[in-house]
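What follows is one structure encoded as structure tokens, with my remarks underneath.
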Amino acid sequence: MITIKTHKQIGHKPSFYIIPLILFFSACSSNLNQPETRVEEVVDVIHGIEFPDPYRWLEKQYSSETRNWIDRQNNYAEKVVGKSAFRDQIEKRMKQLSLETYNPNSSPPRSAGDYQYFTFRPAGKELPIIFRRPMPTDSLLLGSPIDPTLEYEVVLDPHGKSPKNTLRYSIVDFSDNGDKMIYSQRDGGEDELRIKIRDLNNNSDLPDSLPRSLYGTISFSKKDNGSLYYVKRSREIGPRVMRHKLGTDINDDELIFGEGYGPECFMSVIQADSGRYLIFSINHGWARSELHFQDLETGTKIQTIADNLDARFYTRIHNNTLFIRTNYGADKNRLMSVNLKTPGIKNWQEVISETEHVMENFTFIDEKIYVTYIVNASNQIKVYNNKGKYLDNIAIPSHSSASIRSAQDGYAYLTISSLTNPVTIYKINLDTKKRQTWYKTNSSWDPEGIIVKQIWRNSKDGTKAPMWVMHHKDIKLNGNNPTWLTGYGGFYAGRKPRFNTAAALWVELGGVYSVATLRGGSEFGESWHRDGMLLNKQNVFDDFISAAEWLIENKYTDTKHLGIQGTSNGGLLVGAAMTQRPELFRAVLCGYPDVDILRFPWYTNNSNIPAMREYGSSKILEQFEAIRKYSPYQNVKQNVAYPAVMLMTGDMDTRVPPLAGRKMTAILQASSSSGYPIILRYTPKSGHAAGRGISFTRRIADIAMEFTFMAQQLELGN
């Protein structure tokens, strides 16, 4: 039984069960300078248990009262962090490092017609611009890097198209003859997109467009240039594969696939054999998927490839053969193949079997299969022939992340990054194995003297988990080093060592930076993932807390100098760690956080409904019992000495409801007895997508403010 009892405000006679809470929230503020927040009487009754929600009114995002509250919180946050020479220096150095390590070659140019198209942010600009250059006539120049100092022809420039430079354009697809381009428009950090089609011959948009909505894959039909396939998502009815014919009303678009699927699913469609086959992939969260296909030439109905299996499938098509990376019968994944004419699972053939390490990705280069593995949270790359016989390794430095993609015939691009080294891209001669530096950032960051080590610690239940620790070689293990600990732990997302400007600057100033590997990710296979989801979510928090305890026990830091940081699911992580072990931490950065998991199923303004496949739903009794024990908002206790906390969110986060961050701020401000500041930095146009969806200058300013807050609380540089 789930009911909600609502009373308008504190001025009304409160019911008996809310009196103690209201008296506390009205009288307990430990910092008289922080904004006051009105309390109202709202109680949810879920499975017979009452949960007061005194800040329910803050869920009304655009009410005048909420907007006034946000303004007061932003003003208070600025007063707490303050203007200072240190903050100015941090922002200046952060901008310098970000500009120096920016990689305009993070993805290869897209060839279409007589041009190559690409997107990057030139120096002095706030947003990425879509450019093109003529197709090189020399095949050896097809892969020349994008040089940000050169001038290229502008295709689409978003500057000046929005008041605060928050509109972004992204390339989606090209027609086969290269005369048309599908591109997306995103406003701020929202997940929603608008889809446009541009005539590249006259550089103008066609009348056809798809309205602001949630979209999955979008591509031109390979059978003709006159139609496109797209996946439209909805919070009400789930994803659908549609076909739009250019020049027709979008209301007449044809439903191809998806009827009956709910909003907790993701969906994609790919084409094979010049558009003859459509392959439909449906992901039920991050642990299970299904595959279907349709042969458009024979006109047969949609047929099932794999369904009703507790496994996940990732597909690529090569030479009209379907290749599937799957954990079906292989916890750490294996590679299967099947002929597109008979793709049922009974016809699958194993190409590369499961190993002791996780198969993360695979690609075809010159008829060989290049497989990227995760080995103790770093990457290794192995080479196989097209029958699955092992041939060779691609040498990767230790403690690095890596990826590989095809260049022109006989060559490949190898991208490598680590905690101490920004991205470097090598061009490899696949016959001689010789590599040359193809693109490297020219950074003033100096890794000389910086130590990176991977340690292993035991979690609460004895599970061994690694952690990266980075610091200068001259620090002393005296137990009081300012230490920044971060993690994620969810959604099968692996955290591998990559360069991060904030981490580099923290260590540059004498701090310790650490990244905890946590259950819920992909680092050690599907069992590792499932050990950190649904009823096992507490394992993730235990893993993180054990990382903090290890840093203290081994004299890297102490509770007065340990700060934690997480965003999104990582925001839930640090929110849970802070409410379960408040005495362990001195400061918390909690960004765009899932911190009200108990009420998550009732939120209708977010696109992250599939996340319930990972977190569970409090509508289900068994899952409710797990959720209520860790959901941070409901587990904030009265008169507890919480650490200093900075929460960050914004209106345009349509994935994780920003209302959760607002309410968490209010309840922490009313509850904490430590006297440490609890602040909210609220950037209206920011959100989950597109690097928060704000201009480069604003993003640097926001990150510098977060960094300064952490440095102040942990006494970095003192």
The stretch 103-263, relative contact order in percent, only Cα pairs under 8 angstrom and at least six apart counted: 13
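Please state the charge dipole magnitude for the chain, taken about the Cα centre, from unit charges on C-beta atoms (+1 on K and R, -1 on D and E), reported in debye and rounded to the nearest 20. The partial results should precede the final answer.
Working: 86 positive and 78 negative charges, 160 e Å.
It comes to approximately 760 debye.
Quick check on the exposure proxy: order 86, 624 from fewest to most C-beta atoms within 10 angstrom.
On the way: 86 16, 624 20.
With the fewest neighbours first, 86, 624 line up as 86, 624.
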Those trypsin sites (Lys or Arg not before Pro) in the stretch 147-215 that DSSP places in a loop and that have at most 15 other beta carbons within 10 Å: 161, 164
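Over all distinct Cα pairs, what is the inverse of the mean 1/r for the chain, reported as the Kirkwood hydrodynamic radius in Å? Don't jump to the answer; show the numbers that get you there.
Numbers: mean 1/r = 0.0367 Å⁻¹.
One decimal place: 27.2 Å for the Kirkwood radius.
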Placed amide H near residue 351: partners under 5 Å, 5+ positions off or other chain: 335, 336, 337
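Could you calculate the FRET efficiency of residue 225 with residue 297 from 1/(1 + (r/R0)^6), where r is the beta carbon distance between them and R0 is 22 Å, rounded to 0.05? Write out the running numbers ahead of the final one.
Working: r = 19 Å, r/R0 = 0.84.
Approximately 0.75, to the nearest 0.05.
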Computed lengthening from residue 458 to residue 255, 0.36 nm per intervening residue step minus Cα-Cα distance: 67.9 nm
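Which shape class, rounded, prolate or oblate, goes with the stretch 281-392 when its Cα gyration tensor gives a ≥ b ≥ c as root eigenvalues, a/c under 1.5 marks rounded, and past that a/b bigger than b/c marks prolate? It would help to have the intermediate numbers written out before the result.
On the way: a/c = 2.35, a/b = 1.43, b/c = 1.65.
The shape class here is oblate.
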Paramagnetic reach from residue 149 in the stretch 82-116 [backbone N under 17 Å; point 7 Å along Cα→Cβ]: 99-105
Selection from 652, 588, 607, by position along the positive dipole direction of the stretch 564-707 (Cβ): 652
Euclidean distance between Cα centres, the stretch 179-252 to the stretch 525-541, Å: 37
In Hz, Karplus ³J(HN,Hα) per residue of the stretch 102-117 (6.51, -1.76, 1.60; θ = phi - 60°; x = Gly, Pro): 5, 10, x, 10, 5, 9, x, x, 9, 8, 8, x, 9, 9, 10, 10
Residue 217 long-range amide H proximity, modeled H, under 5 Å: 231, 269
Under 5 Å, built H, 5+ apart or other chain: amide partners of residue 112: 117
Residue 386-residue 204 pseudo-label distance in nm [points 7 Å out on the Cα-to-Cβ vector]: 4.5
Separation of the residue 212 and residue 38 label points, Cα + 7 Å toward Cβ, nm: 2.7
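Could you give the length gained by full extension between residue 84 and residue 473, i.e. 0.36 nm per residue of separation minus their alpha carbon distance, to one decimal place? Please list the in-between numbers first.
Values: separation 389, 0.36 × 389 = 140.04 nm, distance 2.93 nm.
Full-extension gain reported as 137.1 nm.
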Proximal lysines relative to residue 637, as straight alpha-carbon distance under 22 Å, when same-chain residues fewer than 8 apart are discounted: 5, 537, 560, 629, 663
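Run the numbers on the stretch 542-610 and let me know its relative contact order in percent, using alpha-carbon pairs under 8 Å that are six or more apart. Don't skip to the answer; put the middle values down first.
Numbers: 78 pairs, mean separation 20.5, N = 69.
Taking the mean separation of contacting Cα pairs over the length of the stretch 542-610, I get 30 percent.
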Those residues of the stretch 325-352 whose amide nitrogen sits under 17 Å from the label point placed on residue 393, 7 Å along Cα→Cβ: none
Under Karplus coefficients 6.51, -1.76 and 1.60, residue-wise ³J(HN,Hα) of the stretch 507-519 in Hz, glycine/proline x: 6, 4, 8, x, x, 10, 10, 9, 10, 8, 7, 10, 4
Mean separation of Cα contacts under 8 Å (6+ apart) over length of the chain, as relative contact order %: 12
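Can you compute the FRET efficiency between residue 98 and residue 276 using 1/(1 + (r/R0)^6), with r the Cβ-Cβ distance and R0 = 41 Å? Round to the nearest 0.05. Don't jump to the answer; show the numbers that get you there.
Working: r = 46 Å, r/R0 = 1.11.
Given R0 = 41 Å and the Cβ-Cβ separation, E is 0.35.
Please label the shape of the stretch 182-323 as rounded, prolate or oblate, based on the square roots a ≥ b ≥ c of the eigenvalues of the alpha-carbon gyration tensor (a/c under 1.5 means rounded; beyond that, a/b larger than b/c means prolate, else oblate).
Details: a/c = 1.86, a/b = 1.28, b/c = 1.45.
Oblate, because a/c is 1.5 or more while a/b does not exceed b/c.
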Hydrodynamic radius of the stretch 103-263 per Kirkwood, over alpha carbon pairs, in Å: 17.0
Simple Cβ-charge dipole of the stretch 146-288, Lys/Arg +1 and Asp/Glu -1, about Cα centre, in debye nearest 20: 380
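Placing +1 at every Lys and Arg Cβ and -1 at every Asp and Glu Cβ, with all other atoms neutral, what dipole size does the stretch 403-509 have around its Cα centre, in debye to the nearest 20? Can you show the working numbers first?
Details: 15 positive and 7 negative charges, 63 e Å.
For the stretch 403-509, the charge dipole is close to 300 debye.
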The chain: angle of helix 85-101 to the longest principal axis, Cα-based, in degrees nearest 10: 10
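Given a Förster distance of 45 Å, report the FRET efficiency between residue 237 and residue 637 from their Cβ-Cβ distance, rounded to the nearest 0.05. Please report the intermediate quantities before stating the final value.
Numbers: r = 40 Å, r/R0 = 0.90.
E(calc), rounded to 0.05, equals 0.65.
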Theoretical ellipticity at 222 nm over the chain - DSSP helices of four or more residues, -39500 (n - 2.57) apiece, nearest 500: -5500 deg cm²/dmol
Lys/Arg +1, Asp/Glu -1 at C-beta; the chain dipole; positive extreme among 204, 527, 116: 527
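Would the stretch 425-555 count as rounded, prolate or oblate if I go by the C-alpha gyration tensor, calling it rounded below 1.5 in a/c and otherwise prolate when a/b exceeds b/c, oblate otherwise?
Because a/c hits 1.5 or more and a/b fails to exceed b/c, the stretch 425-555 counts as oblate.
No lab work stands behind these numbers, since they all come straight from the coordinates. As the structure is a prediction and not an experimental result, all values here were calculated from the model. Every residue, glycine among them, receives a Cβ derived from its backbone with ideal geometry; neighbour counts consider all protein chains shown.
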